[in-house]
Amino acid sequence: MFSRFTYTLRETFAGFKRNITLTAAAIITSAISLLIFGLTLLIQEGFDNLLQRWEGGVEMIVFVNAGTQPDGLEFIQSTLNEQVSVGTVASFEYCDVVCSLADADRVLAGDPTTRKLLNETNIPTLFKIVPAESTEVAFLRGLKESYQQLPSVHSVTLAEEQLDLISRLQGFVSTYTTGLWIALMLASGLLIWNTIRTAMFARRREIEVMKLVGATDWFIRIPFMLEGLIQGLLGAIGAVGIMQFVNWRWTQGVRDFPDSSGMTALVVVDGYQWTVAIYILLFGALVGMIGSGIAASRFLDV
Amino acid sequence: MIRLENVTKSYSTEVVALRDASFDIAKGEFVFLVGPSGSGKSTMLRLLNREERPERGAVWVAGRNIIDMPPSRVPHLRRNIGNIFQDYKLLSNKTVFENVAFAQEVIGKPKHVIRQQVPAVLDLVGLAGKEDRFPHQLSGGEQQRVSVARAFVNRPLILIADEPTGNLDPTTGEGIMRLLDRINKTGTTVVMATHDQRIVNTMRKRVIQLDRGVIVRDQARGVYE
């Protein structure tokens, strides 16, 4: 058992040395494609974070001054209820201090300095408003103007001011990066496949002898599959390193964006980048092993 | 040990390598397969290894019809068969020791067994002291001895030799034949395809003659005709 294990390891690393240029090409291609895969997931997560407050058909947010008394809140609520009764607003939801602080955690994830300035006493609470389907944008703009005049209202934001552009940007970026990583992943899979095929061709006499003396197909196949798996894993490790660096640089850079840009929430929160890192490692290992496994089975009769 | 029953093997509709071939080879026999090029000798050896499968008939090796054998069992069959080739098929990047040890390594023999058995078999074939040489540092006869050592190191029941003296001068060829004879005397069945008239006539072993895929002669203590 031990001699088989040492044989497998020895042959795997011999394969690496034998095919150094092709191996390097396969690892670099895997790293780039896995990096784009990881960045695609991070970008999508960033956009989701950015757009979370607009989920559920919310198209208007009324920010209420911090420290507003209950009667001030009731006045705003009754004004909103009037719109509900005439059918221009489908529903609305009040986000209290706790809810608003959680919202600030997401929105200001890229700007911790500003977030630290906010607390229970100074954070504006907010009303999320879902208009009726028949309500036109022009009417919402008029509503915004009138709500801004209400006492205790800090400001009013419409989804159209942020949402349309960001949604379009998200769709564009997601489509192209997804297409790119799928194409590159296919390329790296094929490159690994070709590396293994070349390795098997170079060792065709050895394989012939192995088969004639009674080595099983799995015994012959495993060092090649291990070689492919390691190639995929090395590419994945490189991709994770670069992705973490890019994410760190982006998160640092976002802090310098003006608050009004609305981009400070375009960051990854809750350690999601580590989940993506695990996906990348698993995906890299899987692509490497499947690519080499198919090649090893296909070209065993060299 | 080996039985062929009405075996027919063709590579295309025009090329019939073996036609309705039948014979029995007992344990410990030494058999020459003779005949002109293309008569079906190599095909017959490949059938014994399950490198080929016939269209019709049965091939029995060590009590099993290997035609019906599932592919996963074929490696186990081959562990009981040693192979020697005209072109030696040695691995040029491995030493003499490593070439022979390779046959044990790939079937999972423990290191201490390899360290014990490989020198013994190299001694048997007359290569003691040349363990660290590479194939290109050996003569043709010595390379063939390495090939014999590799084929015999796992103590197979059957030894298949396809023109083992084809690339060797007569004197060296005789040395290889003496070696195969010694191995045969240990109880190993030897089946050897050859064109070498002198060797067949000197050894006077059983001769199976093929002509265009048909067995035309099966003679105990035969000669090359």
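Overall shape: prolate for chain A, with the ratio a/c of the largest to smallest alpha carbon gyration tensor axis at 1.5 or above and a/b above b/c. Other residues within the sphere of radius under 14 Å centred on the Cβ of A:GLY87, judged by their own Cβ, net out at -3 (K and R +1, D and E -1). Estimated purely from DSSP H runs of n ≥ 4, each contributing -39500 (n - 2.57), the mean residue ellipticity at 222 nm for chain B is -9500 deg cm²/dmol once divided by its residues.
Put simply, chains A and B cover up around 1900 Å² of each other's accessible surface, both sides summed, when a 1.4 Å probe is used.
Normalised size of region A:166-302, defined as Cα radius of gyration per 2.2 N^0.38 Å with N residues, equals 1.46.
All distinct Cα pairs of region B:1-45 go into the 1/r average, and the inverse of that average, the Kirkwood radius, is 11.5 Å. In region A:78-224, the C-alpha radius of gyration followed by the widest Cα-Cα span (Dmax) gives 30.3, 91 angstrom.
Whole Å is fine, so just give me how far the alpha carbon centre of region B:19-75 lies from that of region A:23-67. Spelled out, the Cα-based centre of one part sits 65 Å from the other. For region B:164-172, 3J(HN,Hα) computed residue by residue from phi via the Karplus equation (6.51, -1.76, 1.60; θ = phi - 60°) reads x, 9, x, 9, 10, 6, x, 5, 5 Hz, glycine and proline entered as x.
Across q = 0.11 Å⁻¹, the protein assembly as shown modelled as identical point scatterers on its alpha-carbon atoms has Debye log10 I(q)/I(0) values of -0.97, in the order of the q list.
Relative to the longest principal axis of the Cα atoms of chain A, the long axis of helix A:70-86 lies at roughly 80 degrees.
May I ask for the net charge around B:THR8, where only other residues with Cβ less than 10 Å from the Cβ of B:THR8 are counted and Lys, Arg are +1 while Asp, Glu are -1?
The answer is +1.
Calculate the tail of P(r) for chain B: the fraction of all Cα-Cα distances greater than 32 Å, expressed in %. Counting every Cα pair in chain B, those more than 32 Å apart make up 18 percent. Solvent-accessible surface of region A:55-158, taken per residue with a 1.4 Å probe and all protein chains present: 52 Å².
Which GluC sites (Glu not before Pro) does region A:59-130 hold that lie in a coil by DSSP with at most 12 other beta carbons within 10 Å?
A:GLU120
In terms of the Cα gyration tensor, with a ≥ b ≥ c the square roots of its eigenvalues, is region B:125-225 rounded because a/c is under 1.5, prolate because a/b exceeds b/c, or oblate? It comes out prolate by the Cα gyration axes.
Around B:PHE32, what is the net charge, scoring Lys/Arg as +1 and Asp/Glu as -1 over all other residues with Cβ under 13 Å from its Cβ?
Within the 13 Å Cβ shell, the charges total 0.
In order along region A:225-237, phi translates into HN-Hα couplings of 5, 5, 4, x, 4, 5, 4, x, 5, 4, x, 5, 5 Hz, rounded to whole numbers, per the Karplus curve 6.51 cos²θ - 1.76 cosθ + 1.60 with θ = phi - 60° and x for Gly and Pro.
Against the compact-protein benchmark of 2.2 N^0.38 Å, the Cα-based radius of gyration of region A:55-158 scales to 1.09.
The values are calculated or read from the model by the stated rules, or taken from the named source; none is laboratory data. Since the model is a prediction, treat every value here as computed from it, not as a measurement. A quick note on method: Cβ atoms are made from the backbone with ideal geometry, for glycine too, and the neighbour counts reach across all protein chains shown. Accessible surface areas use protein heavy atoms only, side chains included; no ligands, DNA or RNA. Shrake-Rupley method; radii C 1.70, N 1.55, O 1.52, S 1.80 Å.
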